[in-house]
Amino acid sequence: QVEFVESGGGLVQPGGSLRLSCIASGNPHMMSIMGWYRQVPGNQRELIATITSVMQIIYADSVKGRFIISRDNVTNTMWLQMNSLKPEDTARYYCNRVVGGRPFHAWGQGTQVTVTS
């Protein structure tokens, strides 16, 4: 059973930066595609970035040019460098394996990002 632990969220002013981390434990093997999701209360969880085991990357238009996804296949760790943050980036951020465009494992607790002046 794979578990995810997200960290690195916090309170930041518009234009600021944060770096989120995701650690997968519990026999994750080599997860081909990993992704970062975010959710605002009352809305569906949104997939914002994916990265394959060979570092092919796709971003949602809402974060393209501002966020950078990366991963380490040895330590089963994934990161999301978030730059030029906007108030609309305020959400709870989660990571998961992505299979067929959908999250595959149970969700972790996520990490809250709040962008406000």
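Worth a mention:
- The residues neighbouring Val63, those whose beta-carbon lies less than 13 Å from its own, together hold a net charge of 0 under the Lys/Arg +1, Asp/Glu -1 convention.
- Sequence-separation-based contact order of the chain, relative, with Cα cut under 8 Å and 6+ spacing, percent: 37
Any read-out appearing in this document is the output of simple, stated calculations on the displayed coordinates, not a laboratory observation. Just so it is clear, the model here is predicted, and its values are computed rather than measured. In this analysis, Cβ positions are derived from the backbone assuming ideal geometry, glycine residues included, and neighbour counts consider all displayed protein chains.
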